[in-house]
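The values are calculated or read from the model by the stated rules, or taken from the named source; none is laboratory data. Please read all numbers here as calculations on a predicted model, not as lab measurements. Heads up, the Cβs are rebuilt from the backbone with ideal geometry, glycines too, and the neighbour counts pull from every protein chain shown. We work out accessible area using only protein heavy atoms, side chains counted, and drop any ligands, DNA or RNA first. Shrake-Rupley method; radii C 1.70, N 1.55, O 1.52, S 1.80 Å.
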Amino acid sequence: SKYLYAGFYCEDDDIWTHYKKRDDPIFKEEVIEIFVDANRNFRDYVELQVSPAGVIFDSFFVKYRWPRPWGQLSYNSGMLVRVHHQGTLNNPRDRDKAWTVEMRIPLAKLGPAHHMPPLNGDNWLINFYRFERSRRSQGEALAWSPITTSSRGGDFHQIRRFGTLRFSTELFVAPKTSIVNKVIKKRQITPPPRRKRP
């Protein structure tokens, strides 16, 4: 009734970041992000980010990418974050494994919304992102709900591409046989037999 909890697990062989201050442009380096449109009006939304060093960037946009350049930086989400490293931050000489982020975000700071706290069955628009900017290989930009891309790359601010977060008081119990496993088995294709060399 008070908080939204979120977690990220980021595989990473080189965990690094240079930014140290709140609302630094951490999106230019390795980062995880959450975008929320709580009232589903496809207009105003919240952007939350956390770096591998635990630096927070949080901003509020009244409409698509406005105000420029990075929204209302006076906005404070009130979120608490914890970051854990399976490796060493900012040490390019070793091989890291991963870093994780845990977030506790006050629901009241994620509005405006139709109901606060959300009621059973309420839907919000949301998306989750990760930038992996490896210094050893090509970087990646990952999205939970797929976005459209262009020659300049993807646009994480595409509200119409966000997924749906549904609030429910019902307990979900996973079936004994996973639906995902059934789909994977259906899609498995038997490879053609190898031809003998003449």
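Key figures for this structure:
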read-out: Counted residues, region 34-53 - those being within 14 Å of ARG82 (Cα to Cα) and open to solvent by 30 Å² or more (accessible area, probe 1.4 Å); value: 1
read-out: Where a residue in region 1-22 is among the β-branched types (Val, Ile, Thr) and its partner, wherever it lies, is part of a strand (DSSP E or B), with Cβ under 6 Å and at least six apart; value: ILE15/HIS85; ILE15/TRP99
read-out: The one condition in (1) of a type in the set (D, E, K, R); (2) in contact (Cβ under 8 Å) with a residue 60 or more places away in the chain; (3) over 21 Å from PHE57 (Cβ atoms) that ASP94 fails to fulfil; value: (2)
read-out: Residue list for region 77-96, restricted to those being among the β-branched types (Val, Ile, Thr) and under 20 Å from GLN49 (Cβ atoms); value: VAL81, VAL83
read-out: Selection count, region 137-165, where residues are surrounded by 11 or more Cβ atoms within 10 Å (Cβ to Cβ) and at pLDDT 85 or above; value: 16
read-out: Test for LYS21: is it open to solvent by 10 Å² or more (accessible area, probe 1.4 Å), touching a Phe, Trp or Tyr at 6+ places or on another chain (Cβ under 9 Å) and basic (Lys, Arg); value: no
read-out: Residue selected from region 55-73 under the condition under 21 Å from GLY139 (Cβ atoms) and in contact with a strand residue (DSSP E or B) (Cβ under 6 Å, 6 or more places away or on another chain), by the criterion modelled with the highest pLDDT; value: PHE57
read-out: Number of the exception - ASP44 against (1) in contact (Cβ under 8 Å) with a residue 60 or more places away in the chain; (2) under 14 Å from the mean Cα position of the chain (by Cα); value: (2)
read-out: Tally, over region 48-75, of residues that are outside any loop (DSSP other than H, G, I, E, B) and in contact (Cβ under 8 Å) with a residue 40 or more places away in the chain; value: 3
read-out: Failed condition for VAL101, given (1) in contact (Cβ under 8 Å) with a residue 60 or more places away in the chain; (2) farther than 21 Å from LEU165 by Cβ; (3) surrounded by 14 or more Cβ atoms within 10 Å (Cβ to Cβ); value: (2)
read-out: The lone exception for LYS185 - which of (1) of a type in the set (D, E, K, R); (2) at pLDDT 75 or above; (3) open to solvent by 70 Å² or more (accessible area, probe 1.4 Å); (4) not in a loop (DSSP other than H, G, I, E, B) it fails; value: (2)
